[in-house]
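Notes follow once the structure below has been shown.
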Amino acid sequence: MSDLVTSVLQMEKRCIFCGDKPTDKNREHVIPRWLISLTGDPRRDWYLGIQTNKPGRPERRFSADQFTFPACESCNTRYSALEARAKGYVEKLLADVILPAREWDDLMDWFDKVRIGLWIGNIILNKDWPIPNPGFYIDQRVAKKDRFLLVYENAEPDYVGLNMTGASDPVFFHFPSVFMLVINRLVFINASYEFLLTARMGFPYPKKMWFEERVEGTRRHVDDFTATYRPRPPFLRFSFYPPKFSAHQTILIESALDGEDYGPLIAHEYVSRKRLPHEKIKTRICAVDNDKARFLDPDDLLEEINQPKPMVVDLKQHYIRLFEFRNRLLTQSLEEQPAARKIIRMLIGYNDGGLAQAKAGIGSNVGLQPTRPAK
Ligand SMILES: [Zn+2]
């Protein structure tokens, strides 16, 4: 990660899906219209943090319907079926319908799309912030890295609204790895990055990792793979509140599939039995029950099997945990990426400030984006 670089996104139009110049004048709703309608008046105003480059740091306000970014028409069309399915899953979850594992897998593809879409979109909006060129766009990051999705009941069961946390600030600009989405009475925490779960889920992971600084961003190198072939929950060395549903998924490393050390490790029965049929790198969805890992077949239902019992806490408590998790991520990156120490230290400071505000109950500056009725 190089600091003080102006992103290509801040200078010219790029398709949010493929990263090329858009082939035609199309716009993608990063937060889809169906989701805006599901959570209130589609014409309502939307508050997306503050404008850091203007005197008085005014709130950044949009009509919810106008939060769109450049895209090729063909790219937009490619994702429309996923968008329609995601709508169905969210509606079912809100209606207390239990989803099978294959639908959680698909839903996590959608969360990848939204998370990366918000990332690219926010880089475009925040022209004043030094951000390196993105190393990937939506196409390159959907279903490519380990991921999890945690679902909670909102402590306000009658809440109608949409809000996002942790997806529009400098920490997210540099590490678009985790965010929180509140959709009416459900709270979703989604995270994805390389080797997030691999080692503790028993899959092959690299013992050596190093980073190379390049003009176009940081490149990660890995070597010396090993595997325990034994799941060791909890998969994260961090405790979020016990969720109502949790789905974890390891994604194998596509570029290493035929590698001389990685290849034989993934041929092991432990891995081969967990790879999804008709998928190149996806493995089965895993749920955790009483500290035991359960790898599900695509048609198995992801019941509320999680023990300890799910907790229902205020959004403020979730924000605090989210910022603490980001602190963990940043601290780990500080060790791994010595060349980027200066900017990571600054991000840790920024995150600490957000955490203090979350604890004090000040929401708007930590990326809390409440939806308010249009005037
Ligand atoms: Zn495109």
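The values are calculated or read from the model by the stated rules, or taken from the named source; none is laboratory data. None of these values were measured; they are calculated from a predicted model. Note that each Cβ is placed from the backbone with ideal geometry, even for glycine, and that neighbours are counted across all protein chains shown. Areas reflect the complete protein model, heavy atoms only, side chains present, ligands, DNA and RNA absent. Shrake-Rupley method; radii C 1.70, N 1.55, O 1.52, S 1.80 Å.
Here are the numbers for the structure shown:
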item	result
Meets criteria (open to solvent by less than 30 Å² (accessible area, probe 1.4 Å), of a type outside the set (D, E) and within 26 Å of N290 (Cβ to Cβ)) for S192	yes
Output for the stretch 180-221, where each listed residue is among the aromatic types (F, W, Y), modelled with pLDDT of 95 or more and farther than 27 Å from E269 by Cα	F188
Residue within the stretch 49-57 that is at pLDDT below 90 and touching a Ser or Thr at 6+ places or on another chain (Cβ under 6 Å) present	yes
First in the stretch 74-98 and modelled with pLDDT under 95, second anywhere and polar (S, T, N, Q) and crowded, with 16+ Cβ neighbours inside 10 Å, Cβ under 6 Å, 6 or more apart	N76/N26
Qualifying residue in the stretch 180-203 (condition: without any contact (Cβ under 8 Å) to a residue 40 or more places away in the chain and either over 19 Å from the mean Cα position of the chain (by Cα) or more than 23 Å from R273 (Cβ to Cβ) (or both))	yes
Segments classed as helices (runs of 4 or more DSSP H), wholly inside the stretch 67-133, with at least 1 members that are aromatic (F, W, Y)	80-94, 101-125
Identity of the residue in the stretch 79-105, among the acidic types (D, E) and crowded, with 18+ Cβ neighbours inside 10 Å, that ends up farthest from R294 (Cα to Cα)	E83
Failed condition for I116, given (1) farther than 30 Å from F295 by Cα; (2) open to solvent by less than 30 Å² (accessible area, probe 1.4 Å); (3) touching a helix residue (DSSP H, G or I) at 6+ places or on another chain (Cβ under 8 Å)	(1)
Filter result (in contact with a helix residue (DSSP H, G or I) (Cβ under 6 Å, 6 or more places away or on another chain), more than 10 Å from the ligand (Cβ to nearest atom) and modelled with pLDDT of 90 or more) within the stretch 11-37	P32, W34
